[in-house]
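> Quick one: the structure is below, questions incoming.
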Amino acid sequence: MHFPELFAAYWWLLFPIGGMVAGGFRSFLASRERAHERKIELYKLQHPEVAGLDVSTHRPADADGKPAAATAGNAGYSEADVANTLAEHDAINKRWLSYELDVAKLIDFPMMSDVREPLTVAFLRAKRDADALRPLNGAEFPGKSRWDDYRNAVNAFAVAFEVAEKEAHRVKDSAFNGDEQQRLGTARKLVKIAENEAATPAERETALKRVRRELDGVIVLPDVTLAALEQQVARMIAGPAQPASPQPEPARHPANPA
């Protein structure tokens, strides 16, 4: 039987098969989402200090674990509230930058820059939301609704970053194969050479170039990370600025007698 005849006889099978494929894809997406939710819940159980945050709604939770409702008693906010939240926002950004500006740290915990990882994407999105809502000063908030949005965004950023960082420190480079792990290990050693004050300028420059080659195709380092290492090595090669040596004073000759 030829294909046109087969198609004419069994075309009706396309509908149940298509439904099965679509259902399987939806089940796959749902399982990925459930796995992500389980990681969040497991982290909250292991770290009760952040369990008072409802991650799904980004709102503080009450004693029963349900999102707390706004009341007349907490309808406002003070300058101290804004200052504390801004300080928390700055602290999380500083912890994030400690990876972005340190090649060795990012090599040790590559998940923190891997946008294929759902937890990494989650904290980067939370950071984007918090940064977008950040005020220049407390007076910028037109009302409590905007203040709540910012405070909750910072809370969500804090939780998402904690979850991603804990997971990155747990898995380290275990997601890479043997050859990739060996290249990461070589890159770690080269970074130490590049940052070693006892190394010659030529050794540091060579090590810096080899770091790029070893990591190529293994992990993608952000441009700012490489730029920070290059600037650090350049400063070390240049050395501290030398003070200008004093110029000798011109010789003084006695005036000719009249």
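The values are calculated or read from the model by the stated rules, or taken from the named source; none is laboratory data. Since the structure is predicted, the reported quantities are computational estimates derived from the model, not experimental observations. So basically every Cβ, Gly included, is an ideal-geometry build from the backbone, and we count neighbours across all protein chains shown.
Results for (1) within 21 Å of residue 170 (Cβ to Cβ); (2) not in a helix (DSSP H, G or I), shown as yes or no for each residue.
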{"position": "85", "(1), (2)": "no, no"}
{"position": "88", "(1), (2)": "no, no"}
{"position": "92", "(1), (2)": "yes, no"}
{"position": "99", "(1), (2)": "yes, no"}
{"position": "104", "(1), (2)": "yes, no"}
{"position": "116", "(1), (2)": "yes, yes"}
{"position": "121", "(1), (2)": "yes, no"}
{"position": "126", "(1), (2)": "yes, no"}
{"position": "129", "(1), (2)": "no, no"}
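> While we're looking at this one, here's another question. If I ask for residues that are surrounded by fewer than 14 Cβ atoms within 10 Å (Cβ to Cβ) and either modelled with pLDDT under 90 or not assigned by TED's automatic domain parsing to the domain that holds residue 88 (or both), which ones from region 128-143 would you list?
136, 137, 139, 140, 142, 143
> Then there's this: Tell me, yes or no, whether region 72-82 has at least one residue that is modelled with pLDDT of 90 or more and either farther than 13 Å from residue 157 by Cβ or assigned to a helix (DSSP H, G or I) (or both).
No, every residue in region 72-82 fails to be modelled with pLDDT of 90 or more and either farther than 13 Å from residue 157 by Cβ or assigned to a helix (DSSP H, G or I) (or both).
Each row is one residue, and each column tells you yes or no for (1) in contact with a helix residue (DSSP H, G or I) (Cβ under 9 Å, 6 or more places away or on another chain); (2) at pLDDT 90 or above; (3) assigned to a helix (DSSP H, G or I).
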| site | (1), (2), (3) |
| --- | --- |
| 199 | yes, no, no |
| 204 | yes, no, yes |
| 210 | yes, yes, yes |
| 240 | no, no, no |
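> Taking region 152-197, which residues are crowded, with 17+ Cβ neighbours inside 10 Å, small (Gly, Ala, Ser) and farther than 30 Å from residue 87 by Cα?
187, 194 - these are the residues of region 152-197 that are crowded, with 17+ Cβ neighbours inside 10 Å, small (Gly, Ala, Ser) and farther than 30 Å from residue 87 by Cα.
> Do you know which of the residues in region 212-223 that are surrounded by fewer than 18 Cβ atoms within 10 Å (Cβ to Cβ) and closer than 21 Å to residue 179 by Cβ is modelled with the lowest pLDDT?
220
> Which members of region 224-238 meet the condition of being more than 22 Å from residue 176 (Cβ to Cβ) and either surrounded by 13 or more Cβ atoms within 10 Å (Cβ to Cβ) or at pLDDT 85 or above (or both)?
228, 230, 232, 233, 234, 236, 237
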